[in-house]
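Worksheet: one structure, shown below.
Just so it is clear, none of the values below were taken in a lab; they were calculated from the coordinates. None of the values given here were measured: they were computed from a predicted structure. As a convention, Cβ positions derive from the backbone with ideal geometry for all residues, glycine included, and neighbour counts pool all protein chains shown.
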Amino acid sequence: MTDNSGNVLLALLTGAAIGAGIGILYAPDKGSETRDRIKHKAMDAKHDLTDRISHAKDELTKTAREKKDEFEQKLEDTISQMSYKADDIIATLEHKLEELKKKNAQFQK
């Protein structure tokens, strides 16, 4: 979830809670019934927000795990390629060393 959509969601939830609260306060019910309604609406909003936060946390954890796995795979591929190139360089250097040893042996004669 991006920062902008999170702000919009928070604004919508806040507006809905304020609107519900004002609507309940102006309703022609007893005070105890109004307080009960406010309490229930607040609890519903709390549960809804808790569910949304839990869902966002799960999505973030899932994304982080996927990115970690992707990074580890790329790292492993890079190390494998570097190892192959290092082996190729070592083989080339060994070949050059053998050539130099042969030339040195010829000069020694």
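Structural remarks
- Averaging 1/r over each pair of different alpha-carbon atoms in segment 3-108 and inverting the result gives 20.5 Å, the Kirkwood hydrodynamic radius.
- Nearest-ten-degree value, helix 31-108 long axis tilted from longest Cα axis of the chain: 0
- The length gained on full extension between A20 and Q106, counted as 0.36 nm times the residue separation minus their Cα-Cα distance, comes to 21.1 nm.
- S5-K62 FRET efficiency (beta carbon distance; Förster radius 22 Å; 0.05 resolution): 0.80
- Tilt relative to the chain, helix 3-25 - C-alpha long axis, 0 to 90 degrees, to 10: 10
- For the pair K96 and D48, label points projected 7 Å from Cα toward Cβ lie 7.1 nm apart.
- In the chain, helices alone account for a calculated mean residue ellipticity at 222 nm of -34500 deg cm²/dmol, with every DSSP H run of four or more residues adding -39,500 (n - 2.57).
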